[in-house]
Amino acid sequence: MADTDHQPEPYEADDEERPDIQSHRDSAPDAAFAALLEDSAEELYEAAPCGYLSTLMDGTIAKINATLLDWLGMERGEVLGRRRFVDLLTVGGKLYHETHYAPLLRMQGDINGIAMELRCANGDRMPVLVSSVVKYGDSGAPLLIRTTLFDARDRRAYEEELLRGRKVAEEARRQAEADRARLQDALAVLQKSLLPDTLPMVPGVETAAYYHIASPDRLGGDFYDVFRLDGERFAFFLGDVCGKGPQAAAVTSLTRYTLRAAALHDADPASALTTLNTVLHDRYTGSGDPRYCTAIFGILTPGASPGQHTVRLASGGHPPAVVLRADGTASYLPTPGGLLVGVLPDAHFTTAETTLTPGDALLLYTDGLTEARTGADRTSLYGDEALLEFAADHAGKSAPDIIGALTDLLASFGDGLDDDTALLALGVPPLTALP
């Protein structure tokens with residue numbers, strides 16, 4: 001017999017072992033999530049994060065969602081059947097709508113992402129991006145226009161900020177260019193003050209000079225000068241101060257006036273350079289910013305024969321002068337033993353001498369010429385041999401013609417000429433050209 005007094009014991013296993021309970025629990029979140037998705041199409045339309053608008057083909061508003069009404073600050077009754085889409089726009093937007101937007105929409109059937117502005121009830125303007133599409137009936141006739149508007153206020157703010165940033169940057173650029181132009185003008189004036197305005201007339205000798213400035217944004221350290229010593233003799237010099245900028249300009253000015261004063265006191269070229277060496281060494285030694293220069297100094301004296309001129313030179317660490325002869329030859333005039341001017345307290349300089357006859361010329365230059373970078377890769381230096389060949393090709397020409405040819409040569413180097421370069425030529429015209 002069955003034990004009728006026995007009752008079933010409670011189910012004591014974990015809930016996970018009860019399929020019916022677990023299924024109920026799993027379905028609870030799904031049901032809550034499904035409830036969130038049960039919004040009506042009308043609710044989704046009205047509360048969309050963008051504006052929706054339906055109009056008849058003449059633009060009369062037939063339907064509008066709550067989002068757009070909220071942006072406009074209007075009631076539905078103010079809009080439906082009473083206004084056209086174009087009435088919601090600013091004056092500029094209306095003009096653009098009639099001349100561009102509406103014609104394109106009629107031609108294409110849709111138009112996307114056009115920037116316009118709504119005119120709100122409180123007078124504010126609201127930037128929006130507008131897209132429209134024409135809905136057609138079964139017969140193909142256009143029935144209405146559906147328009148979507150996206151809030152572009154954040155985008156407009158970003159664009160305005162970007163525009164402001166561009167304007168600030170452009171103004172800063174213009175100001176920087178103006179400042180640079182003023183600086184270049186000032187530097188050009190200062191650079192000009194370090195060079196002679198014109199070269200003096202030397203009886204029986206033609207003179208010519210040229211100065212190439214590597215950068216208009218910095219002062220160069222090259223210099224030259226020609227000046228009268230007495231009734232017959234003229235002094236001339238050319239050199240290169242170490243460094244660039246205002247400090248180099250100060251040394252250049254000191255060098256020029258020292259050499260002028262020294263030559264008037266003692267016209268010996270070696271003595272003039274010795275005086276300059278003493279001045280530079282005493283002035284800058286121990287300053288923490290030593291300054292020195294290379295220089296070549298000469299005295300030009302008329303000879304006993306017509307058209308002859310004696311040249312006595314001394315050099316302090318400077319490239320040798322080139323003598324161009326009337327017979328078409330050219331050679332360097334060695335000035336050995338010359339040290340950089342201003343480096344040692346007791347520098348010794350030696351003198352070299354040559355005679356210029358009709359058709360001869362003397363060329364002085366700074367190392368910007370021979371150290372110009374040439375070749376397609378700009379890795380080769382122009383060099384001393386190339387200069388000597390160039391000089392031989394132009395031997396027998398006048399001093400202005402020689403400097404003109406060298407000026408064209410410097411221009412041909414392009415960006416390979418990255419150092420200041422000074423040129424000075426003194427030439428004796430042929431006897432037929434002498435007065």
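The values are calculated or read from the model by the stated rules, or taken from the named source; none is laboratory data. This is a predicted model, so every value here is computed, not measured. We place every Cβ from the backbone using ideal geometry, glycine too, and count neighbours over all the protein chains shown. The accessibility values were calculated without ligands, DNA or RNA, using every heavy atom of the protein model including side chains. Shrake-Rupley method; radii C 1.70, N 1.55, O 1.52, S 1.80 Å.
Here is how the numbers come out for the structure above:
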| item | result |
| --- | --- |
| Residues of region 376-435 satisfying the condition of being among the hydroxyl-bearing types (Ser, Thr, Tyr) and under 32 Å from the mean Cα position of the chain (by Cα) | THR379, SER380, TYR382, THR407, SER412, THR421 |
| Qualifying residue in region 112-121 (condition: crowded, with 16+ Cβ neighbours inside 10 Å and in contact with a Cys (Cβ under 7 Å, 6 or more places away or on another chain)) | no |
| Strands (runs of 3 or more DSSP E) within region 45-148 that include 3 or more residues farther than 27 Å from GLU159 by Cβ | 51-56, 61-64, 125-136 |
| Enumeration of residues in region 79-94 that are of a type outside the set (Phe, Trp, Tyr) and surrounded by 13 or more Cβ atoms within 10 Å (Cβ to Cβ) | VAL79, LEU80, ARG83, ARG84, VAL86, ASP87, LEU88, LEU89, THR90, GLY93, LYS94 |
| Residues located in region 317-336, provided they are buried (at least 17 other Cβ atoms within 10 Å of the Cβ) and either among the aromatic types (Phe, Trp, Tyr) or not in a strand (DSSP E or B) (or both) | GLY317, HIS318, PRO319, PRO320, ARG325, ALA326, THR335 |
| Lone qualifier among GLU98, GLU75 - being open to solvent by 80 Å² or more (accessible area, probe 1.4 Å), in contact with a helix residue (DSSP H, G or I) (Cβ under 9 Å, 6 or more places away or on another chain), over 30 Å from GLY137 (Cβ atoms) and modelled with pLDDT of 90 or more | GLU75 |
| Conditions (1) without any contact (Cβ under 8 Å) to a residue 40 or more places away in the chain; (2) surrounded by 13 or more Cβ atoms within 10 Å (Cβ to Cβ): number failed by ARG182 | (2) |
| Some residue of region 309-327 being modelled with pLDDT under 90, among the hydrophobic types (A, V, I, L, M, F, W, C) and farther than 20 Å from ARG256 by Cβ | no |
| Region 276-301: number of residues that are in contact with a strand residue (DSSP E or B) (Cβ under 9 Å, 6 or more places away or on another chain) and over 18 Å from LEU264 (Cα atoms) | 6 |
| Filter result (open to solvent by less than 40 Å² (accessible area, probe 1.4 Å) and outside any helix (DSSP H, G or I)) within region 383-416 | HIS394, ALA395, GLY396, SER398, PHE413 |
| Residue tally, condition open to solvent by less than 80 Å² (accessible area, probe 1.4 Å) and under 14 Å from ARG125 (Cα atoms), over region 150-166 | 4 |
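Conditions (1) under 21 Å from ALA209 (Cα atoms); (2) not charged (D, E, K, R), marked per residue:
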site: VAL226; (1), (2): yes, yes
site: GLY231; (1), (2): no, yes
site: PHE237; (1), (2): yes, yes
site: ASP240; (1), (2): yes, no
site: GLN247; (1), (2): no, yes
site: ARG256; (1), (2): yes, no
site: LEU259; (1), (2): yes, yes
site: ALA262; (1), (2): no, yes
site: HIS265; (1), (2): no, yes
